[in-house]
Amino acid sequence: MSERVLGVTPPISTALPTENEKRSNDALFKELKAQGTFESPSETQKREIVLKSLQKITDQFVKRAAQQKEPKNTMLIRDARGRVFTYGSYRLGVYGPGSDIDTLVVAPKYVTEEQYFDIFPDLLKEMAPPGAITDLTPVRDAFVPIIKFEYDGISIDLIFCSIQTHRQLPDDPEWNLQDNGLLRGLGDKEVRSLNGTRVTDEILNLVPEPATFRLALRAIKLWAQRKAIYANVMGYPGGVAWAMLVARVCQLYPKATSALIVDKFFNIMLKWPWPLPVLLKDIEYNSSVTRVAVWNPKLYASDRNHRMPIITPAYPSMCATHNIGKSSMSVIQQELRNGASLTHEIMVGRRPWKDLFAKHTFFTAGFKYYLTVVSSSRTKEAQNIWSGLVESKVRHLVTKLEFHPSIALARPFNKGFDRVHLCRGDAQVDEVQRGSLAYLTKEADDEVNGAVGHGLKSEVKQEVKTELETEKKRENGVPFVKAEDTEIPGIDPAKIEAATNEMIKNETTKMEDGDAKVKLEDVPAKETEYKIYTTNHYIGIQLVEKAKSLDLSREVNEFTALLESNDLYDAHVNCLAIQHVKSWELPDDVFEPGEVKPARPIKKKR
Ligand code: 3AT
Ligand code: MN
Ligand code: MN
């Protein structure tokens, strides 16, 4: 039997599984079930029904668009159809009970994005069962324009692309988006929309045994989440990057069980000679269907700065991990080391798989000092946008901290904590904006979800993030010319210093003016109640051994200046503060039941 060889090198081993490995694999499957990573068959069936319905609605949408375009062309209208594709965890087959369905609507060339936003939302409400569609939120101006909604309680992310090479889409269920030619005539935005599906499809095509890959990826995703090293925006690998790493290991051990893949994953990734990129196939440089830049460290200085490059397989290939910095890389390496020694013991039956999925100790035993970035706003909607912007920049603060001579490691936690506060009067508002938790309100609990990352609200937030991600990517994507030209373009410290001083001066005068007004004009008889929405991001700080003092004012000022100079910042609504927190001062809600807050050390008497 001839075997398809997948990957840029031959496999390491094509050995069949041993009895022990099979037993270990059964145990892994049982543990992943016990951990609740699978949903019930009836829930999965519901997803399929929803997708069928979306396909019907999509066909109808394209017909209406055709009618608008050429009302008399009965042939065009008769054969008009669209196609629904999926990407993300649903397409990969690693979704859990709370996962959304990431969905792409593909339409023929004459259908416009404007029609998508004008027609699709109404059609959804018209054609879906009454009451099935809730929380409908079209986001037109996002980096990737998107319509978000819940269909029968399932979150749907719906994006759109019309294909310039087709006046009619083929009526062939096997038709897919693999052909590079489909990108012809598309701009950056459309290429990004198509590539979600093209990348996931390619990953699945490039693994020898999809079912083995899926189970192993479920294990790695759960492990990475439990260790708080899963989040693209915070400088860790995201879902697509973890998927590509697991896929690469599957290529190297084409006959292995998922359990052995997990074991090999830790060993191989621990020893990987970064910055050698992880590739699932050779990068295509010759295609000329788009002008979108392909990852190329020989050509682009910015691409040479990637510490752990993991490259997407579909043309135009990109680095999925350009966000990983010095500290997050060392945290990932440490977790890989721990994982490698654990799986070694698990594979020989000395320990259970459960131990691999133990929760991180970021707050319980991770650090003595933390910095917290507090973003706040006066309304929930404003806070969604503002905290999304702040979150997308936290890793820039982390980079600055990494340069500080007294700091050995700056580790950002992978999620933010959302809170609502009820304040009486401006003094309390001020305290909360600076990080006080004295006026927390339970009443508004359903308005926030603790750690960011669930619900429609944070999804909309993500769109803002995404936008900023590529802004950054674009400014980095300057082709390099000479060897001495390799400096990262961008921040001139002197300019930032000047800008900060200017800002502080302005802020101070503004504040003085404002205060004076309030005092003179309308001192309220009873102090007004304000709701303040905050999001905290925590950064664990490890000092170097002989650290003397820790003056972070420069780093903090630069970071604040960076954010407050953004167009989205509104001084009347938004606020940003950065606070030191000792481990024993951490708020209760960062701990789960059963976790113990670190105790305050007893002062030694001299
Ligand atoms: P879930 O099971 O849904 O939690 P997932 O991997 O499907 O896991 P998402 O639905 O958040 O995760 O994302 C699906 C894909 O959408 C992954 C990526 O190609 C794209 N994507 C999502 N968020 C971002 C982002 N902030 N920046 C760039 N791409 C993103
Ligand atoms: Mn998803
Ligand atoms: Mn999604």
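Descriptive notes on the structure:
- Residue that is surrounded by the fewest Cβ atoms within 10 Å (Cβ to Cβ), among those in region 524-571 that are more than 21 Å from N384 (Cα to Cα), under 26 Å from the mean Cα position of the chain (by Cα) and acidic (D, E): E558
- Any chance T364 is surrounded by fewer than 19 Cβ atoms within 10 Å (Cβ to Cβ), of a type outside the set (D, E, K, R), closer than 28 Å to P593 by Cα and not assigned by TED's automatic domain parsing to the domain that holds E335: yes
- Among the candidates F403, F417, residue that is of a type in the set (F, W, Y) and closer than 20 Å to Y230 by Cα: F417
So that you can scan it fast, the table gives a plain yes or no per residue for (1) touching a strand residue (DSSP E or B) at 6+ places or on another chain (Cβ under 9 Å); (2) over 19 Å from C161 (Cα atoms); (3) assigned by TED's automatic domain parsing to the domain that holds S258:
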residue	(1), (2), (3)
V5	no, yes, no
P11	no, yes, no
N25	no, yes, yes
L28	no, yes, yes
E48	no, yes, no
V62	yes, no, no
Q68	no, no, no
K72	no, yes, no
D79	no, no, no
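- Pairs where the first residue, in region 545-566, is farther than 12 Å from H404 by Cα and the second is among the charged types (D, E, K, R) and part of a helix (DSSP H, G or I), C-beta under 7 Å, 6+ apart: E558/K400; F559/K400; L562/K393; L563/K393
- E345 modelled with pLDDT of 95 or more, of a type in the set (D, E, K, R), out of contact with any strand residue (DSSP E or B) (no Cβ under 6 Å at 6 or more places or on another chain) and not assigned by TED's automatic domain parsing to the domain that holds I541: yes
- Members of region 77-95 that are buried (at least 19 other Cβ atoms within 10 Å of the Cβ) and within 16 Å of ligand 1 (Cβ to nearest atom): V84, F85, T86, Y87, G88, S89, Y90, R91, L92, V94, Y95
- Checking each residue in region 220-267 for being closer than 15 Å to V278 by Cα, more than 16 Å from ligand 2 (Cβ to nearest atom) and among the small types (G, A, S) picks out only A247.
- Counting only residues that are of a type in the set (D, E, K, R) and touching a helix residue (DSSP H, G or I) at 6+ places or on another chain (Cβ under 7 Å), region 37-46 holds 0 of them.
- Output for region 316-347, where each listed residue is surrounded by 22 or more Cβ atoms within 10 Å (Cβ to Cβ) and among the hydroxyl-bearing types (S, T, Y): S317, T321, S327, S328, T343
- Residue in region 31-38 that is of a type outside the set (G, A, S) and under 24 Å from P170 (Cα atoms) present: no
- Flag for P273 being within 16 Å of ligand 2 (Cβ to nearest atom) and out of contact with any Pro (no Cβ under 9 Å at 6 or more places or on another chain): no
- Residue satisfying all of: in region 96-124; buried (at least 22 other Cβ atoms within 10 Å of the Cβ) and of a type in the set (S, T, Y); farthest from ligand 3 (Cβ to nearest atom) among these: Y116
- Test for Q251: is it among the polar types (S, T, N, Q) and closer than 17 Å to N267 by Cα: yes
- Options K354, K271, K298, K264; residue that is more than 22 Å from the chain's Cα centre (by Cα), under 23 Å from T200 (Cβ atoms) and either of a type in the set (A, V, I, L, M, F, W, C) or modelled with pLDDT of 95 or more (or both): K264
- Among the candidates K63, K33, K72, the residue that is at pLDDT 95 or above, closer than 23 Å to A128 by Cα and either more than 16 Å from ligand 2 (Cβ to nearest atom) or small (G, A, S) (or both) is uniquely K63.
- Region 148-167, subset out of contact with any Pro (no Cβ under 6 Å at 6 or more places or on another chain), within 20 Å of A66 (Cα to Cα) and not hydroxyl-bearing (S, T, Y), residue farthest from ligand 3 (Cβ to nearest atom): Q164
- Enumeration of residues in region 235-255 that are away from ligand 1 (no atom under 11 Å from the Cβ) and assigned to a helix (DSSP H, G or I): M244, L245, V246, A247, R248, V249, C250, Q251, L252
- Per the conditions (1) touching a helix residue (DSSP H, G or I) at 6+ places or on another chain (Cβ under 9 Å); (2) under 18 Å from Y151 (Cβ atoms); (3) exposed (fewer than 14 other Cβ atoms within 10 Å of the Cβ), the sole criterion not satisfied by A132 is (3).
- A211 vs. criteria modelled with pLDDT of 95 or more, within 16 Å of ligand 2 (Cβ to nearest atom) and among the hydrophobic types (A, V, I, L, M, F, W, C): no
- Subset of region 193-214 [in contact (Cβ under 8 Å) with a residue 60 or more places away in the chain, of a type outside the set (G, A, S) and under 28 Å from P145 (Cα atoms)]: L194, N195, T197, R198, V199, T200, D201, E202, I203, L204
- Hey, S193 in a strand (DSSP E or B) and under 27 Å from the mean Cα position of the chain (by Cα) or not: no
- Subset of region 151-186 (residues that are within 16 Å of ligand 1 (Cβ to nearest atom), of a type outside the set (A, V, I, L, M) and in a loop (DSSP other than H, G, I, E, B)): G153
- Count of region 585-601 residues which are part of a helix (DSSP H, G or I) and either more than 21 Å from L440 (Cβ to Cβ) or out of contact with any strand residue (DSSP E or B) (no Cβ under 9 Å at 6 or more places or on another chain) (or both): 1
- Residue count, region 47-95 (criterion: part of a helix (DSSP H, G or I) and within 15 Å of ligand 3 (Cβ to nearest atom)): 9
- Within region 256-269, the set of residues being in a helix (DSSP H, G or I) and either out of contact with any Leu (no Cβ under 6 Å at 6 or more places or on another chain) or of a type in the set (D, E) (or both) comprises L260, I261, V262, D263, K264, F265, N267, I268.
The values are calculated or read from the model by the stated rules, or taken from the named source; none is laboratory data. Not measured: the values here are computed from a predicted model. Quick reminder, even Gly has a Cβ in these numbers, built from the backbone with ideal geometry, and neighbours come from all protein chains shown.
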